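Structure first, then comments.
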Amino acid sequence: MNILQILPELNCGGVETGTVDMAKYLVSHNHKAVVVSAGGGLEDALKECGAIHYKLEVNKKSLFSIIKCVDELARIIQKENIEIVHARSRVPAWIAYFACRKTNVPFITTCHGYYSQHLFSQAMGWGKFVIAPSQLIGRHMIDDFLVPPERIRHIPRSVDMEKFTFIPPELKSRTEFVIAIIARITPIKGHAYFLKAMQKAARSIPSMKVWIVGESPKGKPHYKDDLRLLVKRLGLAHIVEFLGERRDIPQLLSKVSLLVLSTTVPEAFGRVIIEAQAAGVPVVATKVGGVVDIIDDGVDGILVAPGDPEGMGDAVIRVLRDQELSSALAKNGRLKVLSRFTLEKMAEKTIEVYREALVSKRILVIKLGALGDIILSIPALKAIRKKYPHPSRISCIAGKDIAPALARCPYIDELIIYDFKDRDRGAFGMLRLGKELRRKNFDLVIDLQNNRRSHIMGALSLVPLRYGYRNKKFGFLLNRAVRDDGLAMGPMEHQFRVLKILGIELKDRKIELWPSKEDASYVDQFLDSAWLNQGQPLVGIHLGSSKRWLTKRWPLEYIGRLSENLAAKDIRVVFTGEQPDPEEQKRLNELTRKSRPIFACGKTTINQLACLIKRCRVFICPDTAPLHIAIGAGIPAVALFGPTDPKRHLPSEENITLMRKELPCQPCYEPRCATVECMKRISVEEVEEAVLKLLKAHEGR
């Protein structure tokens, strides 16, 4: 793999050392390692291990500088054929994110700090995967930056064990102790509390030295000056030594008796702790952040409250005076590092994340409705899953009313509910939904709805690749589109024209639904309560489509006559559909007074309806969703088509008896009509004949 890591500088520090260690490991395992930074003292170490370094001003917070670096980084990505970009700090993350958008390369972040919640920090949560070195940081990114848990990868920092020689405390001097703090000199590292603790320890252990290793940030030398004044005020000038920034940490630790970490804010991890443990140095640390992931108090280190110099001083005295405790802490600390925090373990886990980012895609499929369209999209979902198997993750966004049809779909990992009537209503609702989709960080959108709403939704998600139809319904918002030329074709063929861009072919037309055992049990009980005789043929008649499409409905008088005719032949009829209004119900009761059909209208969910249709020998239905359910269930169906074109809406004619009258006005796609002649011309007699023929075929099986 070709991996690019980007960080502000290459001076001494945990982030910088970890970046060099990772680059060294990548090169040694036949990967290309490229590092982009503003330079620093560790550049030579990179070159020595065979990594490539590019020097860019990725440490400056200037907007102009960030924009300039985006283009320069994009050129580096293309030049070096980079496959993964790994950002390790905030300014580099902003630059890398937009460069990756331009080059369509996966973007990963590692959160090396407990970031405050402001805009500047947001980019650290935009990675395809967000690596957290501790449980605390992972939870912080989930709770405060709204990173979905499935994008968090927990990988602790590491130490290169080859650099550190284990020297147990009993082999070091017991007459002169060296206590060290190794950290940047900033207020949050708690140096002032550390020095006050050293004042207390010095009273009990006079033969001790204190090393302060680290420098203050550029432009803030007063941090170090303030500490020097504090050292004099506490009377510690004779034992405290400022060693500055050092690159020989392993050599220094070989002479240290005790390491103290005194930070006052949550640490992302605390790399210096595991470095000390690797060298056999006992550790006293404040109980903050990721430190608790490293130290088991009293077992492999001592934890103290932050900002408590008294408690810290007592802990230092206790460890230095008790050789048995000191040796146990060192031994247990070394064993923990070997089992959990070696460079090899960290690097292998990181490479696993890189591989996952390359092979896995986060896909959003948009299919808002209607129910029939959702059902007809199931072969497409199956084909998408076959193209993108796990660990790729497929999410489908569907309208609230029809989403239950996909509730147990095995081809998707997540079902997102779109409630356009309430929560997601209007412009503000759409903006809120767009924010939610952006948080999920999808790699591509497949728009199977292809209307204005879905195209806007895809654009608001800011997904880099958006597939669909370039039509007059804001199709210009797509960037991977096929032109909608209006040709008459089947519903599945129409969807697969888009999928063909992704190399997905229509090979399996099977429609599936996944009702539960409870759904089937409900239908069994429902039919039992209607006194359906064992072995008695059951024919389903769907009363019609939605109230918007009155032209698709077969006249009630025809339905009533057919029901009476079938009942005379000892065939039981069940009506499905929406609950009729009181006037329609009264009229239907009068028309079916003798046959007494089973009324299931408004009494089933989508999945219960699927179970009910499966119990039918034949199902009669106009051009609406239950027709597709019957096709998927393999139930012989009589399809009644009027204002719509079966070429566009029938997924298959297998097991289907099509009833349609060829009129000059067909297909009109008008929801209202004064005569509805196309449906009236489908006679009761011809439908009855088709039903009896299908029932006879069933008996002959």
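The values are calculated or read from the model by the stated rules, or taken from the named source; none is laboratory data. Predicted model only: the values in this text are computed from it and were never measured. Cβ placement follows ideal geometry from the backbone for every residue including glycine, while neighbour counts extend to all protein chains displayed.
What to note about this one:
This table checks each residue for (1) of a type outside the set (D, E); (2) touching a residue at least 24 places away in the same chain (Cβ under 8 Å); (3) in the same structural domain as M124 (by TED's automatic domain parsing); (4) buried (at least 19 other Cβ atoms within 10 Å of the Cβ).
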site	(1), (2), (3), (4)
A180	yes, yes, no, yes
P187	yes, yes, no, no
R203	yes, no, no, no
V213	yes, yes, no, yes
Y223	yes, yes, no, no
L230	yes, yes, no, no
L234	yes, yes, no, no
F242	yes, yes, no, no
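- Hey, I108 touching a Leu at 6+ places or on another chain (Cβ under 6 Å), surrounded by 23 or more Cβ atoms within 10 Å (Cβ to Cβ) and either at negative phi or not assigned by TED's automatic domain parsing to the domain that holds I77 (or both) or not: no
- Restricted to the stretch 285-307, and to residues there that are buried (at least 17 other Cβ atoms within 10 Å of the Cβ) and either among the acidic types (D, E) or not assigned by TED's automatic domain parsing to the domain that holds L258 (or both), the residue that is farthest from F269 (Cα to Cα) is D300.
- Some residue of the stretch 555-564 being part of a helix (DSSP H, G or I), free of Cβ contacts under 8 Å to residues at least 24 places away in the same chain, more than 20 Å from A370 (Cβ to Cβ) and basic (K, R): no
- From the options G632, G602, residue that is assigned to a loop (DSSP other than H, G, I, E, B) and small (G, A, S): G602
- Residue check for V299: more than 28 Å from D443 (Cα to Cα), in contact (Cβ under 8 Å) with a residue 12 or more places away in the chain and either in a loop (DSSP other than H, G, I, E, B) or within 23 Å of the chain's Cα centre (by Cα) (or both): yes
Matching residues to (1) of a type outside the set (S, T, N, Q); (2) outside the structural domain of P580 (by TED's automatic domain parsing); (3) farther than 23 Å from T624 by Cβ; (4) modelled with pLDDT of 95 or more:
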position	(1), (2), (3), (4)
R497	yes, yes, yes, no
K510	yes, yes, no, no
S521	no, no, yes, yes
W531	yes, no, yes, no
L543	yes, no, no, no
S546	no, no, no, no
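Rundown of residues vs (1) modelled with pLDDT of 90 or more; (2) within 26 Å of Y223 (Cβ to Cβ), yes/no style:
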{"position": "I152", "(1), (2)": "yes, no"}
{"position": "I155", "(1), (2)": "yes, no"}
{"position": "F166", "(1), (2)": "yes, no"}
{"position": "S173", "(1), (2)": "no, no"}
{"position": "Y193", "(1), (2)": "yes, yes"}
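- Considering the stretch 381-394, and only residues there that are buried (at least 18 other Cβ atoms within 10 Å of the Cβ) and within 13 Å of the chain's Cα centre (by Cα), the residue that is nearest to F496 (Cα to Cα) turns out to be I394.
- Here R355, R318, R340, R362 are screened, and the one residue that is touching a strand residue (DSSP E or B) at 6+ places or on another chain (Cβ under 8 Å) and surrounded by fewer than 16 Cβ atoms within 10 Å (Cβ to Cβ) is R318.
- Some residue of the stretch 250-264 being loosely packed, with under 15 Cβ neighbours inside 10 Å, within 28 Å of R340 (Cβ to Cβ) and under 47 Å from the mean Cα position of the chain (by Cα): yes
- Within the set E267, E324, E348, the sole residue that is part of a helix (DSSP H, G or I), acidic (D, E) and under 33 Å from the mean Cα position of the chain (by Cα) turns out to be E348.
- Lone qualifier among R596, R587, R672 - being more than 40 Å from the chain's Cα centre (by Cα), under 22 Å from E564 (Cα atoms) and in a loop (DSSP other than H, G, I, E, B): R596
- Selection count, the stretch 590-617, where residues are more than 30 Å from A403 (Cβ to Cβ) and loosely packed, with under 14 Cβ neighbours inside 10 Å: 3
- In the set P491, P464, only one residue is touching a Leu at 6+ places or on another chain (Cβ under 9 Å) and more than 30 Å from I635 (Cβ to Cβ); that residue is P464.
- Enumeration of residues in the stretch 636-665 that are surrounded by fewer than 19 Cβ atoms within 10 Å (Cβ to Cβ) and in contact with a Pro (Cβ under 7 Å, 6 or more places away or on another chain): D645, R648, N655, L658
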